[in-house]
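The values are calculated or read from the model by the stated rules, or taken from the named source; none is laboratory data. All of these numbers come straight from a predicted model, not from anything done at the bench. Please note: Cβ atoms are built from the backbone with ideal geometry, for glycine as well, and neighbour counts cover all protein chains shown.
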Amino acid sequence: MRTATIMTIVALAAAFALSGCGSENGDTITIVFAAGNDPSGATASLIERYNATHPGVEVRFQIMPANTDTQHDAYVTYLSAHESSIDLYSLDVIWTAEFARAGWVEPLPEAIVHPEEFLSGPIASVTYEGKIYAVPWFTDAGVLYYREDLLEDAGLSVPQTWDAFVAACEAVVTSSDMDGFVWQGARYEGLVCNFLEYLWGVGGSLDPDHLLAEPELAASEITETLNLMSGLIANDAVTPRSVLTYKEEDARRLFTEGRSLFLRNWPYAWGMAEEEGSKVIGKTGIAPLPHAKNRTSYSTIGGWNIALSSFSEHRQEALEFLSFITSEEALRLRAIEGSYMPTRLVTYEDPAVLEANPHFADFFEVFKNTRNRPRSPHYPRISDVIQENVHRALSGEITSKAAAEKIVTELADILSQ
Amino acid sequence: MNRRQERRLAAWLITPSLAFVVLVGAFPVVSQFVLSLTRYDLKFPDERGFVGFGNFARLAGDTVFWLDLWQTVVFTVSSVGLELAIGLLAALLLNRILRGRMFMNATMILPWALPTVVAATMWSLIFNDKIGLLNSVLIRLGIVETPILWLGPGVAMISVILADVWKTTPFVTVILLAGLKSIPHHYYEAAQLDGGSRWQIFRSITLPLLKPFIAVALLFRAMDAFRIFDLVWVLTGGASKTETLSVYIYKVLFRYSDFGYGSAITVALFAIVFLMSLVLLRFMKVASEPTQ
């Protein structure tokens, strides 16, 4: 009896041990693609299709945690250790410079990505020092949501300049339980996205050449921007002071509860405004953000790109899959099934895509004018400098001018390192 | 076996555990010191190298460091001060309870038993200006008219201190209660016979005999408060003048991937806390010396 038990245990152990090896036989190449999850299942089915049509290659989807910072930490850890098991990484638009400078991702061959086929903002986000390091996969940009019904009742058209915008708020918002305009003003990455949209809208920029060559002009543009933003908060009919603690969902919730006339948020908020439980179903419109007189509106780009690891052992096969997962056909499927905003121009004209997402046409108008946050390996530090000083100025802790000067000085210091 | 042989055997037997403790304890500290003398930024792997005190020179001129240090000091002094005062009061009250003592003790410990992150999340909901409990109670009672932005500019530090005091006063109370229980009854009886007032008894008997316990509570709380991270991180992320040194270290290490500089700041924090505990230990020693 005892012998039999021992033999059984040994046999089972041996079986487990042997089943561990041999799952990768010498002929099949495994390509690992690390990215955040796609709850729609579109990516998984694309990968399945690819595997079926490419014998000898097996692509595995390594699902990363949803939190962007957690993904960043994980990738930095793997790549600093020269991990070779992951071939393709899905990167946030603001990581390109960092990963390129560290040598973690390689410039892509020209055949893989033709810039003219893509939206210009995403292409700029994958470029570092003139070379392209990733393929834009899906995109995101700041958008103005407005209450069509309230503007119509007041006989107003969608405001395009800040003056008209404030006037619209003052006309419509007459009681204290309604806000004019909610956005993201907490001290976090989202504040940088919001701030830049105001800065670009008054004609300013944080372009390194501009900052280093003309610091006084850059500072005065930032001062003007901060005054504009503070003015919105100071005006009772426009932005509540509590916006200084708002992130995306705080602002979005107010809008879908019907308590704000305007909202600045990302495209995802559209789905939330139109779903059950929202008090503004069918009443929401999309437009570019306002700009200063005689200027242009720009939106901050978000989104994700796919890059090739410098330590991949199967470059050829990984690049082939990269072409596939960013092809017209793949982007179309992800747009239809997952509502992922495509980065290829042609996908916005696809009838099937537009039928599944009619609002994509409105978003496309906004996407034509998108710009990137400062592209530098030091971006996290730059972001923190902007966040802290903008937040302090909006809180009234320092003057707009002092904040502007600090931003220009510190950014110039970081960018020239 | 004679005494000497016994001692030698003891030494040998302790060596493995001691070696383990030294390795696990000392190794990270030493490697942190070494890292602080290097330039080690993960994003610039080709620039890694020894820089001597370069990181510390950078630290000296880093306005964010000094600002965060000041904010940490403000937090530590305020919250530890409040905790000692309230903790002492609570201990004195609890000491007098005869019935329901176990229930009172258990309830009192509850905030301290909660994981900090859970407590912080709970407080961030209470502090919410639109849907939070605090504003709704204050407005209903007519104490304020417009909702206060508790986690916003001007008030955020107060909110963080409030949450911390709520959470860790029980720790002080427990220590001081033990101290109170250790004072022999007959001291009080003698004092009452001699005609001492409550305040005189408190000043001449209770307080001096409690000093060592106060010192212990002070030491532990000061060291912990100086290193606070999770409460601040969850409530404000460091915004509106609540960023403490630990939050800055986290950012430098994990957002900027700058391990050399992050280690230098950590070494600075270590030095400050170490000095602070030396001072407090001295105070403890003085306090526990017999008084007249």
Revision key, fill the gap. Of (1) under 21 Å from residue A:144 (Cβ atoms); (2) among the aliphatic types (A, V, I, L, M); (3) modelled with pLDDT under 95, residue A:336 satisfies every one except (1)
Exercise for review: Could you please let me know if residue A:100 is assigned by TED's automatic domain parsing to the domain that holds residue A:322, under 25 Å from residue A:334 (Cα atoms), at pLDDT 95 or above and not basic (Lys, Arg)?
Suggested key: no
Study note, to complete from the structure: Of the listed residues (B:41, B:46, B:62, B:68), the one being touching a Phe, Trp or Tyr at 6+ places or on another chain (Cβ under 6 Å) and within 14 Å of another protein chain (Cβ to nearest Cβ) is B:68
Revision key, fill the gap. Taking the range A:64-103 and keeping only residues that are within 14 Å of chain B (Cβ to nearest Cβ), closer than 15 Å to residue A:303 by Cβ and aliphatic (A, V, I, L, M), one is left with A:91, A:94
Revision key, fill the gap. Filtering the range A:99-124 down to residues that are within 16 Å of the chain's Cα centre (by Cα) and assigned to a helix (DSSP H, G or I) yields A:120, A:121, A:122, A:123, A:124
Exercise for review: Give the range A:188-216 a look and list any residue that's within 14 Å of chain B (Cβ to nearest Cβ) and either under 19 Å from residue A:254 (Cβ atoms) or not charged (D, E, K, R) (or both), or say none.
Suggested key: A:188, A:190, A:191, A:192
Study note, to complete from the structure: Scanning the range A:125-144 for residues that are under 18 Å from the mean Cα position of the chain (by Cα) and surrounded by fewer than 20 Cβ atoms within 10 Å (Cβ to Cβ) gives A:127
Check your understanding: Where in the range A:319-417 are the helices (runs of 4 or more DSSP H), entirely inside, with at least 3 residues that are away from chain B (no Cβ under 14 Å) and in contact (Cβ under 8 Å) with a residue 12 or more places away in the chain?
Key -> A:328-338, A:351-356, A:360-367, A:400-415
Check your understanding: Which of (1) among the aliphatic types (A, V, I, L, M); (2) buried (at least 21 other Cβ atoms within 10 Å of the Cβ); (3) in a helix (DSSP H, G or I) does residue B:205 not meet, given it meets every other one?
Key -> (2)
